[in-house]
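Rule-based calculations on the coordinates, nothing more; no lab input. Since the structure is predicted, the reported quantities are computational estimates derived from the model, not experimental observations. Heads up, the Cβs are rebuilt from the backbone with ideal geometry, glycines too, and the neighbour counts pull from every protein chain shown.
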Amino acid sequence: MSLDIRPTLSALLRNRTGAVLVAAQVAIALAVLANAAYLIVQRIEKIHRPTGIDEQNIFVIESAGFTARFHQRASVREDLAYLRGLSGVIAATATNSIPLSDSGDSDSLVTRPDARRSGYINDLEIDEQGLETLGVRLISGRNFRHEEIQPPRTRSDVSRFVPVIIVSRELGEYLFPQQNPLGKQVFDAFNHTATIIGVVDPIMGTFPGSEYPGRVFFEPRMPDEFIVVVYLVRTQPGQRDALMRLAESHLAVSNPDRVINFVRPLTYYKNLSYLGDSSMEIYLLTVTALVIAVTSLGIFALATFNVSTRTKQIGTRRAIGARRRDIVRYFLIENGLITSAGVLAGCALALAAGYWLSVHYALPRLDLYYLVGGVLALWGIGLLAAWQPARRASAVPPSVATRTV
C-alpha cells in the first residue's frame, strides 16, 4: 500500500511557508520539552532526597532573652524539662541551628594540623537527646553521654572546641577515605582536637542547597549564651500541631524575661529552603505547557487551513474513488512529514541547549532518554492535533468537485 509521500511532499514544497513555521514550532517545542522535563525531574529528585530526619513530626521553637535578669542556662534547663515532660513528646534538645533551614554554623575540620583546609562543614550543637530528637540513625559507635555535654560558650571563649563529636557517614568517608572514622581525631579551625565517637546515616544538615549537604558533625554542647536558643521537639506521629500550640501557650508566659520568637514545624523551613527549586519547577511546567499548546494550535491551524483551501481537490479525489480513510491518511502523512522535519531540527536544538546549560550553569548534560521521550510526545501531539481536521477533510462529499464557486 503506497503512502503517497512523494505527491504529499510536492504539495508541501509548493506551499512551504506555513509548513516551515509549524516545523520550527515543533523544533522549539522539542528543545524546551526535553530540557525542561530533565530539569524538572532533577528538581523533584533534589526536593525529595532523604534527609534522615523525622521532619514530619518535629517542630521548632526560638527563644530570646531581652532583660538583664535573663539567665540562659537556667531557662534552657526549665524549658527542656517542660518540653520533655509533655505527653506525646519523644525527645527534645536545644541547638544552635535549625536543620534544613539553609542557615547555620560551620567549621573547617581537617585530619592534620598542617592540612590544607578546603571548606567549611556544617555542625549542630545538641545534647544527649539530640540524635533521638532528629530521628537519625546511629550506624556505629555511641551517642553522647550527659556528662559529655559542654557548657555554653561565652564571648570570651568562642574558639573552644569539644572533646568528642559524632559525624555523618559522608563526612567520615570524606575525612578518612577507605578507613573507619571511629576513634580518629580531627582538628577545627583553631587546631583544637576532637575524637569521633559515632557515625550516623543518613543525615542532611542545615544547608540542603549546598554542594555537600550530608557532610555534618554534631557537637555535645549547649547553645552559646550570646545567641538565641533554638529548641527542637519530636512528637509522636499526628501530635505535632497540638503540642506546638500547647508548648507555645506555656512558654510564652513561663518566663517574663524572654520572648518566644516563633513556633513552627520543621517542614516549614525545608519548604522555604526549596522554594527556589519549587518555583522553577512550576515555571518550567508552565512554559512547557504553553509551548506545547501553541505548537498544537499551530499544527491544528495549518491542517485546518490546508483542508479549507483544498476542498475541491479533496472532492475530486473522492469522486475518482478515494475512500474517506485515504483522505485521513493523506493529511496525517502530510502532518507527519512536517512534524518529522521539526523533530529532526529539534533534536539538534535540544542537544545544543542542553550543552549550553551544562557549560554555563554547571548542570548535568541532557539525558538522551528525555530527548527520545520528547520526540515520541511531539509525534503523538502532532497526530492528535491533525486528526480532527483530517476527519473533516474525509467528510467532504464527491459532489464538491463539480462546483465552480
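Observations
- For the chain, share of DSSP beta bridges that run antiparallel, in % to the nearest 5: 75 percent
- Rounded to the nearest 10 degrees, the inclination of helix 324-361 to the longest alpha-carbon principal axis of the chain is 30 degrees.
- Choice from P223, P265, P364 showing the highest fluctuation, given a GNM over the chain with Cα pairs closer than 10 Å: P364
- Per-pair calculated FRET efficiency, R0 = 25 Å: E225 and N191 via Cβ, rounded to 0.05: 0.55
- Across the options A303, T286, P256, the greatest Cα extent toward the positive end of the charge dipole of the range 244-312 (unit charges at beta carbon of Lys, Arg, Asp, Glu) belongs to A303.
- Neighbourhood charge, 12 Å Cβ-Cβ cut-off, centred on S118 and excluding it, Lys, Arg +1 and Asp, Glu -1: +2
- FRET efficiency estimate (nearest 0.05) - Cβ-Cβ, S278 to L21, R0 35 angstrom: 0.50
- Compactness of the chain, expressed as Rg and Dmax over alpha-carbon positions, Å: 32.6, 103
- Given +1 at the Cβ of Lys and Arg, -1 at the Cβ of Asp and Glu and no other charges, the dipole of the chain around its Cα centre is 3040 debye to the nearest 20.
- Principal-axis analysis of the Cα atoms of the chain puts helix 72-85 at an angle of about 60° to the longest axis.
- Length released on extending from H146 to S254, taking residue separation times 0.36 nm less the Cα-Cα span: 36.3 nm
- Considering all C-alpha pairs of the range 100-169, those separated by over 15 Å amount to 65%.
- Approximate spin-label separation R365-R325, in nm, with each point projected 7 Å along Cα-to-Cβ: 4.6 nm
- Approximate spin-label separation Q239-S340, in nm, with each point projected 7 Å along Cα-to-Cβ: 6.7 nm
- The separation of the range 82-160 from the range 171-225, counted between C-alpha centres, amounts to 9 Å.
- Report summary: the helix-based calculation at 222 nm, which adds -39500 (n - 2.57) for every DSSP H run with n ≥ 4 and divides by the residues of the chain, gives -16500 deg cm²/dmol.
- Based on the Stokes-Einstein relation at 4 °C and a viscosity of 1.567 mPa s, and on the Kirkwood radius from alpha carbon pairs, the range 211-312 is assigned a translational diffusion coefficient of 65 µm²/s.
- For the range 37-117, the dipole from Cβ point charges (+1 on Lys and Arg, -1 on Asp and Glu) about the Cα centre works out to 200 debye, to the nearest 20.
- With N counted as the residues of the range 323-367, its alpha-carbon radius of gyration over 2.2 N^0.38 Å works out to 1.85.
- Hypothetical label at T67: residues of the range 244-259 whose amide nitrogen lies under 17 Å (7 Å Cα-Cβ projection): 251-259
- Relative counts (whole %) of C-alpha pair distances in the range 140-204, using bins that are 10 Å wide: 20, 47, 29, 4
- For the range 21-74, the residue among V41, Q56, L30 whose Cα projects farthest onto the positive side of the dipole built from Cβ charges is Q56.
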